[in-house]
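Here's the structure we're looking at; comments come further down.
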Amino acid sequence: MGFFSKLKEGLTKTRDNIVSGIDSVFSGFSSIDDDFYDELEETLIMGDIGVVATEEILDDLKNKVKENKIKNPADCKQLLIDSIKEKMNLGENAYEFENRKSIVMLIGVNGVGKTTSVGKLAGLLKAQNKKVIMAAADTFRAAAIEQLTEWSNRTGADIIAQSEGSDPAAVIYDSIAACKARKADVLLCDTAGRLQNKKNLMEELRKIDRVIEREYSDAYRENLIVLDATTGQNALSQLREFNDVTNITGIILTKMDGTAKGGIAVAIQAEFGIPVKYIGVGEKVEDLQKFDSDTFVNALFDVDNGSDEDR
């Protein structure tokens, strides 16, 4: 099964949650009026697309309806789909780190799939013939280092680790030294997922930042937050908390398969202006893929995406 098929299948619950409601709005109204827009607004918000994104999407839709002099609600559906795609478009430089000597730090709370995402990302980069080193800087969670070691065995990416309870900044220091010595393209850093004590987390991330700035200041920086799509609006509050602590440049949304809350992908991008860069729909390396707005929205609305090969 190709990635598009998996994504489409994984978004079934989200589709049932959002699209069936949207379809009933389009078929239930004979004219485009305030009641039509109110009903559409409620459906989008209830589908976890969020207030900010919904307002922006509807403003865009209203403008297009006016410009194109559309009278029939059924003729709005494609305009709505196009508007959501535009809202989620990443632009041209979203994956610039692939073309530079880079440090990619993955952050997020425990249980969202952070270590797994580091491993899968290593697999994607290795498939591009990149030399990848993984830093096991989550030294607090039991078995995090063992888990990353397993991913190292699976993907062929190098791993730098110390013993459990070591200073994470020291692991990053060693990893940077290894990057330089081995002429690695990308350093992927796993980090601890403690948000309960924000002060400690903040200090830890600041210390890591200082080490990177001192030891590898010319490296391209990418801070990706890993969020569990099944938590819906709670993912927004996690993003808000971490965004206070460090400069987040992108999002990895995991567990998109089987959640009714996949609309959160739209909400996040609209509310924070931080792009979703990867989405995960399963356990295998190839089940984490770059985010593509056309692919995502087509899968969400069950629109044919053409050939499923190489997806």
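The values are calculated or read from the model by the stated rules, or taken from the named source; none is laboratory data. Bear in mind the structure is a predicted one, so any value in this text is a computation, not a measurement. Reconstructed Cβ throughout: ideal geometry from the backbone, glycine too, with neighbour counts over all protein chains shown.
Of all residues being touching a residue at least 12 places away in the same chain (Cβ under 8 Å) and outside any strand (DSSP E or B) in the stretch 226-236, which is nearest to the chain's Cα centre (by Cα)? Just the residue, please.
So the first thing to find is which residues in the stretch 226-236 are touching a residue at least 12 places away in the same chain (Cβ under 8 Å), and the list is 226-233, 235-236.
Imposing the further condition that a residue be outside any strand (DSSP E or B) reduces the set to 229-233, 235-236.
Working: Ala229: 9, Thr230: 13, Thr231: 13, Gly232: 13, Gln233: 14, Ala235: 11, Leu236: 12 Å.
This residue is Ala229.
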| task | For Ala177, indicate whether it is among the hydrophobic types (A, V, I, L, M, F, W, C) and surrounded by fewer than 16 Cβ atoms within 10 Å (Cβ to Cβ). | result | yes
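Looking for something of a type in the set (A, V, I, L, M, F, W, C), within 22 Å of Gly21 (Cα to Cα) and assigned to a helix (DSSP H, G or I) - is there at least one such residue anywhere in the stretch 96-109? I'd like the intermediate steps shown before the answer.
Let us first name the residues in the stretch 96-109 that are of a type in the set (A, V, I, L, M, F, W, C), namely 97, 103-107, 109.
Next, only the ones that are within 22 Å of Gly21 (Cα to Cα) stay: none.
Taking every residue of the stretch 96-109 in turn, none turns out to be of a type in the set (A, V, I, L, M, F, W, C), within 22 Å of Gly21 (Cα to Cα) and assigned to a helix (DSSP H, G or I).
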| task | Being over 30 Å from Met256 (Cα atoms), of a type in the set (Val, Ile, Thr) and part of a helix (DSSP H, G or I) narrows it down to one of Val19, Val65, so name that one. | result | Val65
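Scanning the stretch 280-295 for residues that are more than 23 Å from Glu56 (Cα to Cα) and under 11 Å from the mean Cα position of the chain (by Cα), which turns out surrounded by the fewest Cβ atoms within 10 Å (Cβ to Cβ)? Even if it seems obvious, please write down each step before you answer.
As a first pass, look at the stretch 280-295 and keep what is more than 23 Å from Glu56 (Cα to Cα): 280-290.
With under 11 Å from the mean Cα position of the chain (by Cα) added as a condition, the list becomes 280, 288-290.
Working: Gly280: 23, Leu288: 24, Gln289: 18, Lys290: 15.
Looking at the filtered set, the residue picked out is Lys290.
Tally time: how many residues in the stretch 189-225 are part of a loop (DSSP other than H, G, I, E, B) and under 21 Å from the mean Cα position of the chain (by Cα)? It would help to see each step written out before you state the result.
Pass one, the stretch 189-225, residues part of a loop (DSSP other than H, G, I, E, B): 192-197, 216-219.
Narrowing the set further to residues that are under 21 Å from the mean Cα position of the chain (by Cα) leaves 192-195.
Going through the stretch 189-225 one residue at a time, the tally reaches 4.
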| Of all the residues that make up the stretch 250-296, how many are more than 20 Å from Thr54 (Cα to Cα), among the basic types (Lys, Arg) and in contact with an Asp or Glu (Cβ under 7 Å, 6 or more places away or on another chain)? | 1
| message | Give me the residue from the stretch 135-168 that is part of a loop (DSSP other than H, G, I, E, B) and charged (D, E, K, R) and, out of that set, nearest to Val285 (Cα to Cα). | response | Asp138
| request: Run Glu96 past the list (1) surrounded by fewer than 16 Cβ atoms within 10 Å (Cβ to Cβ); (2) under 22 Å from Thr254 (Cα atoms); (3) without any contact (Cβ under 8 Å) to a residue 60 or more places away in the chain and report the number of the one that doesn't hold. | output: (3)
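In the stretch 247-264, what count of residues is obtained for those that are among the hydrophobic types (A, V, I, L, M, F, W, C) and modelled with pLDDT of 90 or more? Don't jump to the end; show me each part of the working.
Residues of the stretch 247-264 among the hydrophobic types (A, V, I, L, M, F, W, C): 248, 251-253, 256, 260, 264.
After this cut, where a residue has to be modelled with pLDDT of 90 or more as well, the list is 248, 251-253.
Count: 4.
For Asp244, are the conditions met, namely being at pLDDT below 90 and part of a loop (DSSP other than H, G, I, E, B)?
Details: at pLDDT below 90: yes; part of a loop (DSSP other than H, G, I, E, B): no.
Answer is no for this residue.
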| Is at least one residue of the stretch 198-214 closer than 17 Å to Tyr95 by Cβ, buried (at least 18 other Cβ atoms within 10 Å of the Cβ) and not basic (Lys, Arg)? | no
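Looking at Ile107, Ile70, Ile103 in this structure, which one is of a type outside the set (Lys, Arg) and farther than 22 Å from Ser175 by Cα? Show your work before the answer.
Details: Ile107 fails: farther than 22 Å from Ser175 by Cα; Ile103 fails: farther than 22 Å from Ser175 by Cα.
Going through Ile107, Ile70, Ile103 in turn, the sole match is Ile70.
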